[in-house]
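Quick notes on the structure that follows.
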Amino acid sequence: MGIKVTETGIPGLKIIEPAVFPDERGYFMETYSEKDFAEAGIDCKFVQDNQSGSVFGVLRGLHFQKEHPQAKLVRAIFGSVFDVAVDLREGSPTFGKWYGVELSAENKKQFFIPKGFAHGFVVLSGRAEFAYKCDDFYAPGDEGGLLWNDPEVGIEWPIEDATELILSEKDQKHPGLSECYKFKKENL
């Protein structure tokens, strides 16, 4: 079937566009093929699928697991989100850099986020459903986070009025980049 892979300028972080086959009934697409992903340099075994539903202005993130980092393949299956990944790999030439992409049910793009990144998204549509694959299991008590609006990172969230944002109490209290956990190579 094939996929189109776009590099982001941050090593390992990729945008995936599956081949979509529309017809009078709707469309068909293959959302994941181990063979296609391995050919694109994405060679990980996914072990868990997660899904969330959110309303406009919900910002989830920026999250990661410290000792059990997860690579993720994320997409919006309903609505639209602005999805962000921040490089937290110690010694990386792009440490602290971020990349964002709009993922929507319409554009069908997916975002591959390797281990060693903080990840989050904000909902742009009235509501959105977000699905993602992980290559390691959720580990309670291993959660870490990066402050969503840390000026040192400078993420340009596409929300005009930050007062419209809805964040969990936990996501409002994450540390900034200078105090944030850094992934050492042996953890990745």
Percent RCO, i.e. relative contact order, over the chain, from Cα pairs under 8 Å lying at least 6 residues apart: 28
Extension gain from GLU39 to ASP23, taking 0.36 nm per residue of separation minus the Cα-Cα distance: 3.0 nm
Restricting segment 80-188 to chymotrypsin sites (Phe, Trp or Tyr not before Pro) in coil, as DSSP defines it, with at most 14 other Cβ within 10 Å: PHE137, TYR138
Charge-dipole axis of the chain as Lys and Arg at +1 and Asp and Glu at -1 on Cβ define it, positive-most pick from PHE64, ASN187, PRO11: ASN187
Segment 78-188 - Rg over Rh from alpha carbon coordinates, Kirkwood radius: 0.95
Whole-number percent relative contact order across segment 99-177, with pairs defined as alpha carbons under 8 Å at least 6 apart: 30
14 Å reach of a label modelled at ASP142, 7 Å along Cα-to-Cβ, counting backbone N of segment 50-65: 64-65
Extension gain, PHE78 back to LYS97 (0.36 nm per residue minus Cα-Cα distance, nm): 4.0 nm
Scattering curve values for segment 1-100, log₁₀ I(q)/I(0), Debye with Cα scatterers, q = 0.16, 0.21 Å⁻¹: -0.91, -1.45
Cα-Cα pairs of the chain separated by more than 27 Å (percent): 25
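Every number in this text was worked out from the coordinates using simple rules, so none of it is lab data. Being a predicted model, the structure only gives us computed values, none of them experimental. Every residue, glycine as well, gets a Cβ built from its backbone with ideal geometry; the counts of neighbours run over all protein chains shown.
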